[in-house]
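**Q** The structure is given below, and queries will be raised subsequently.
The values are calculated or read from the model by the stated rules, or taken from the named source; none is laboratory data. What you are looking at is a predicted structure, and each value in this text was computed from that prediction instead of being measured. Every residue, glycine as well, gets a Cβ built from its backbone with ideal geometry; the counts of neighbours run over all protein chains shown. These area figures cover heavy atoms from the full protein model, side chains too; ligands, DNA and RNA do not enter into them. Shrake-Rupley method; radii C 1.70, N 1.55, O 1.52, S 1.80 Å.
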Amino acid sequence: MTTVFGIMEVNLVSARGGGIDPYVLIQYRGQERKSSTIRGQGSKPEWNEKFTFKIEYPSVDGQYKLILKLMDHDTFSSDDYLGEATIYLKEFLEVGLENGRAEIHPKKYSVVGSDQCYCGEIQVGVTFTPKKATHDVEEEYGGWKESDDY
């Protein structure tokens with residue numbers, strides 16, 4: 001099977017049951033994005049922010065988990081971990097490869113704390129668009145294209 005690359009867009013909509021100054025760390029296979037910190041909205045913050053991730057399918061380890069960590073910003077101490085939601089994306093990515101695009105409309109996922117108890121929910125939507133395979137593959141390093149020209 002050939003490796004396919006693509007772009008996944010995560011639409012972070014809102015949460016319920018957060019802290020005083022919540023934000024979300026969104027993680028996918030070593031890539032991490034951080035939402036803005038929402039102040040003054042109490043336990044029902046709204047973000048309506050979009051984040052993009054590079055996708056490679058199939059992956060080396062077969063792991064396709066999107067992890068959303070709900071955090072509470074603290075000014076004078078380390079930020080508090082409130083809980084997380086995990087979205088498994090293997091079938092979703094396969095649908096995108098087959099149809100040229102896949103979308104999960106914004107829906108609610110349970111946020112589970114470190115004690116494995118339900119502590120709220122987070123609403124997110126996800127889209128995946130595979131890129132068309134090209135035969136002219138060049139490696140990019142920090143904006144520079146690697147070539148054999150000396």
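**Q** Looking only at Cα atoms, what is the convex hull volume of segment 4-130 per residue, in Å³? Show your work: numbers first, answer last.
**A** Numbers: hull volume 12.9 nm³, N = 127.
In segment 4-130, the Cα hull volume divided by residue count equals 101 Å³.
**Q** Ranked by accessible surface with a 1.4 Å probe, highest first, in what order do Thr3, Thr75 come? Don't jump to the answer; show the numbers that get you there.
**A** Working: Thr3 65, Thr75 105 Å².
Result of the area sort, largest leading: Thr75, Thr3.
**Q** For Arg33, Arg101, give me the order by solvent-accessible area with a 1.4 Å probe, most accessible first, ignoring ligands, DNA and RNA. Walk me through the intermediate numbers first.
**A** Details: Arg33 75, Arg101 120 Å².
Sorted by accessible area, descending: Arg101, Arg33.
**Q** Right, here's the next one. In degrees, nearest 10, range 0 to 90: what is the angle between the Cα axis of helix 90-99 and the longest Cα principal axis of the chain?
**A** 50
**Q** Normalising by the residue count of the chain, find the relative contact order in percent from Cα pairs under 8 Å and 6+ residues apart.
**A** Details: 325 pairs, mean separation 40.6, N = 150.
This gives 27 percent for the chain.
**Q** In this model, which of Lys65/Lys131; Lys50/Lys132; Lys108/Lys132 are farther than 26 Å apart at the alpha-carbon? Could the numbers behind the result be given before it?
**A** Numbers: Lys65/Lys131 20 Å; Lys50/Lys132 23 Å; Lys108/Lys132 31 Å.
Beyond 26 Å between Cα atoms: Lys108/Lys132.
**Q** Run the quick spin-label model on Ser43 and Val60: label points 7 Å from Cα toward the beta carbon, then report their separation in nm to one decimal.
**A** 4.3
**Q** Suppose every K and R has +1 on its Cβ and every D and E has -1 on its Cβ; what is the size of the dipole of the chain about the Cα centre, in Debye to the nearest 20?
**A** With Lys and Arg at +1 and Asp and Glu at -1, about 660 debye.
**Q** How much length would be gained if the chain were fully extended between Leu97 and Arg16, taking 0.36 nm per residue of separation minus their Cα-Cα distance, in nm to one decimal?
**A** Details: separation 81, 0.36 × 81 = 29.16 nm, distance 3.27 nm.
Taking 0.36 nm per residue and subtracting the Cα distance, the gain is 25.9 nm.
**Q** In addition: Once the whole set of protein chains is in place, how much accessible area is left on Lys108, using a 1.4 Å probe, in Å² to the nearest 10?
**A** For Lys108, solvent-accessible area is about 120 Å².
**Q** Let me ask something else about it. At 1.4 Å probe size, with no ligands or nucleic acids counted, give the accessible surface of His105 in Å², nearest ten.
**A** 120
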